[in-house]
């Protein structure tokens with residue numbers, strides 16, 4: 001059975017459509033939706049059955065944690081613990097935007113949602129649709145790329161449909177994402193003054209270094 005395609009305005013998401021998406025997430029469904037980089041797979045991160053569905057859909061290795069989208073920096077503080085000044089500097093400089101920060105997870109997240117690492121990867125996307133969904137849902141949503149393992153990332157809804165449209169019930173069509181590079185990933189879980197760039201993406205390494213040294 002092929003996924004339902006739901007068109008949503010990319011800049012001014014219709015509230016009734018956002019509520020429909022949220023109802024699907026509350027029902028434990030997997031939803032493909034645009035972010036500011038690529039299309040991602042969204043589920044309720046505290047619904048472990050839904051989380052397991054993402055691993056099965058993507059053929060993703062079980063030890064890889066899923067990244068989460070939040071609507072605000074304040075929401076990130078609710079999910080994490082032991083945040084240091086380096087987190088504040090990077091969040092203030094680059095959020096909303098294509099920067100994923102790995103930090104120590106707080107007690108609100110099940111350990112399985114962190115792939116049993118105790119860490120969580122979070123970001124505030126520069127995209128209205130996922131932020132509106134998170135605000136209406138009242139929880140973060142997962143954001144792993146909506147593609148099969150080894151296949152190219154999707155920047156438009158039809159690509160998601162072609163790759164995994166028979167595996168998920170709903171794809172949110174918010175038009176092309178405009179992203180060509182993945183997020184930059186910085187690991188801050190080692191504590192103050194211990195950070196590591198795990199992947200250089202849309203934000204160059206030198207900008208991260210300048211922000212941390214500023």
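The values are calculated or read from the model by the stated rules, or taken from the named source; none is laboratory data. In this text, all values refer to a predicted model and were calculated from it rather than measured experimentally. Here the Cβ is made from the backbone with ideal geometry for all residues, glycine too, and neighbour counts use every protein chain on show.
Only a single item in (1) in contact (Cβ under 8 Å) with a residue 60 or more places away in the chain; (2) part of a loop (DSSP other than H, G, I, E, B); (3) in contact with a helix residue (DSSP H, G or I) (Cβ under 8 Å, 6 or more places away or on another chain); (4) more than 18 Å from residue 125 (Cβ to Cβ) is not met by residue 11, and it is number (4).
Only a single item in (1) at pLDDT below 95; (2) out of contact with any strand residue (DSSP E or B) (no Cβ under 6 Å at 6 or more places or on another chain) is not met by residue 54, and it is number (2). Those helices (runs of 4 or more DSSP H) of the stretch 66-174 in which at least 2 residues are closer than 27 Å to residue 188 by Cβ and at pLDDT 90 or above, considering only elements entirely within it, cover 73-79, 85-94, 128-137.
Given the criteria within 21 Å of residue 163 (Cα to Cα) and loosely packed, with under 15 Cβ neighbours inside 10 Å, does residue 4 qualify? Criteria met by residue 4.
Out of curiosity, is residue 176 within 18 Å of residue 7 (Cβ to Cβ), out of contact with any helix residue (DSSP H, G or I) (no Cβ under 6 Å at 6 or more places or on another chain) and surrounded by fewer than 19 Cβ atoms within 10 Å (Cβ to Cβ)? In short, yes. When 181, 212 are screened for being in a helix (DSSP H, G or I), out of contact with any strand residue (DSSP E or B) (no Cβ under 6 Å at 6 or more places or on another chain), more than 24 Å from residue 22 (Cα to Cα) and modelled with pLDDT under 95, only 212 passes. Just one of the numbered conditions (1) assigned to a loop (DSSP other than H, G, I, E, B); (2) touching a strand residue (DSSP E or B) at 6+ places or on another chain (Cβ under 9 Å); (3) modelled with pLDDT of 95 or more; (4) farther than 25 Å from residue 214 by Cβ is not true of residue 37: (4).
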